[in-house]
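Colleague: Sharing a structure with you now.
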Amino acid sequence: MISRQLMALACLVLWPTLASAWTLKDVGTFKFEPLANNVYVMHGPKEEPNVKNIGFMNNPAFIISANGLIIVDPGSTLQVGEHVLAEIRKISKKPVLAVFNTHIHGDHWLGNQAIKNAFPDVKIYGHPKMIEQANGGNGANWVDLMSQLTNGLSKGTKVVAPTLAVDNGALIKIEDQSFRIHHLSNAHTDTDIMIEHVDSKTLFLGDNSFVQRMGRFDDSANMHGNIKALQHAVALKLDHYVPGHGQSGSADIAVQPFLTYLEKMRVSVTKGYRAEKPDYKIRNDIIGEFAAYKDWAGFDSNFGKHVNKIYLEIEELEF
Ligand SMILES: [Zn+2]
């Protein structure tokens, strides 16, 4: 009898949470989980934007200050941003005071629009080059790309770019919470900022790190710079690291695997380059050394491109 009562009580307590979690059919259930004191992260799907995930694929996060909230990367479209805000609302009803955008790729920041709609005075921070590119052709291209990839599910999404420029070394105080900005050089793109939440010893890495997922390097990227950025991240000796995609955790979980991949690739491709092998030959010769990464989402489509990109960087450095 007691166990039946307990069961009924458990159902009453658990049911509202289970029933209200954000569910994307055939993709998964998504909600914010505590990572550190006052810090929450929602780990998004690892697949590329598509109709099923409605374009959602990143790791939105928020920090609770005395009287408000600070969001990092609110997602990929107006609609995703609205879902992200609804999930935040299940944990805190405080107003959103600020948003940080880690870089120009639209899956991280096109959700700004939903936050700005709800909180017109919100302050949005980004790297100066991100602001320039978001307001230029790159921002418009990302709006179009999200529409194509989701078959129009992002309808109505518009560019709402950051207006406050932050660069390496900036210290931003928002009420009782402090944030330090890290940007050493071009890495995943030329617009990356890594955001350190000083109070909880957490680093938001943006796409400078991935876990269980590979990403592409665009024309502005520098893989050597990406290695430097991740070495810097580890040297900060923080307690928590949040990658752009994939699971958060200690440096060993959220930074070291991708850093090791990039360092290993630099060593292997340099060897092949010095042996005067063409990049396609190097690719075929070294792919076996990367067996530990073959299950990461996007490995097959990205591995050859990564070899080619770092080969060109090595060539440029050697001359
Ligand atoms: Zn990216």
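Colleague: Please enumerate the residues belonging to the stretch 101-154 that are touching a residue at least 12 places away in the same chain (Cβ under 8 Å), open to solvent by 50 Å² or more (accessible area, probe 1.4 Å) and in a loop (DSSP other than H, G, I, E, B).
Modeller: Matches in the stretch 101-154: 151, 153.
Colleague: State which residue is farthest from residue 304 (Cα to Cα) when the search covers only the stretch 196-227 and only residues that are aromatic (Phe, Trp, Tyr) and within 11 Å of the ligand (Cβ to nearest atom). Quick ask: steps written out before the conclusion?
Modeller: From the stretch 196-227, those aromatic (Phe, Trp, Tyr) are 204, 210, 217; that's our starting set.
After this cut, where a residue has to be within 11 Å of the ligand (Cβ to nearest atom) as well, the list is 210, 217.
Working: 210: 17, 217: 12 Å.
Looking at residues that are aromatic (Phe, Trp, Tyr) and within 11 Å of the ligand (Cβ to nearest atom), I get 210.
Colleague: Please list, ordered by residue number, the helices (runs of 4 or more DSSP H) wholly in the stretch 170-280 having 2 or more residues that are without any contact (Cβ under 8 Å) to a residue 24 or more places away in the chain. Explain how you work it out, then say what you get.
Modeller: Values: elements: 223-235, 251-254, 256-274.
Per the criteria, 251-254, 256-274.
Colleague: Which condition from (1) among the acidic types (Asp, Glu); (2) open to solvent by less than 60 Å² (accessible area, probe 1.4 Å); (3) assigned to a loop (DSSP other than H, G, I, E, B) is the one that residue 167 breaks?
Modeller: Answer for residue 167: the failing condition is (2).
Colleague: Could you list, in sequence order, all residues of the stretch 83-100 that are open to solvent by 10 Å² or more (accessible area, probe 1.4 Å) and either within 16 Å of the ligand (Cβ to nearest atom) or of a type in the set (A, V, I, L, M, F, W, C) (or both)?
Modeller: Answer for the stretch 83-100, where residues must be open to solvent by 10 Å² or more (accessible area, probe 1.4 Å) and either within 16 Å of the ligand (Cβ to nearest atom) or of a type in the set (A, V, I, L, M, F, W, C) (or both): 85, 86, 91, 97.
Colleague: Working only within the stretch 53-89, note down all residues that are among the charged types (D, E, K, R) and touching a helix residue (DSSP H, G or I) at 6+ places or on another chain (Cβ under 7 Å).
Modeller: If the condition is that a residue be among the charged types (D, E, K, R) and touching a helix residue (DSSP H, G or I) at 6+ places or on another chain (Cβ under 7 Å), then 73, 82 are the ones that fit.
Colleague: For the stretch 185-231, how many residues meet the condition of being surrounded by fewer than 16 Cβ atoms within 10 Å (Cβ to Cβ), of a type outside the set (S, T, N, Q) and within 25 Å of residue 164 (Cβ to Cβ)?
Modeller: 2
The values are calculated or read from the model by the stated rules, or taken from the named source; none is laboratory data. What you see is a predicted model, and the numbers here were worked out from it, not measured in a lab. Here the Cβ is made from the backbone with ideal geometry for all residues, glycine too, and neighbour counts use every protein chain on show. These accessible areas exclude ligands, DNA and RNA; they are computed on the full protein's heavy atoms, side chains included. Shrake-Rupley method; radii C 1.70, N 1.55, O 1.52, S 1.80 Å.
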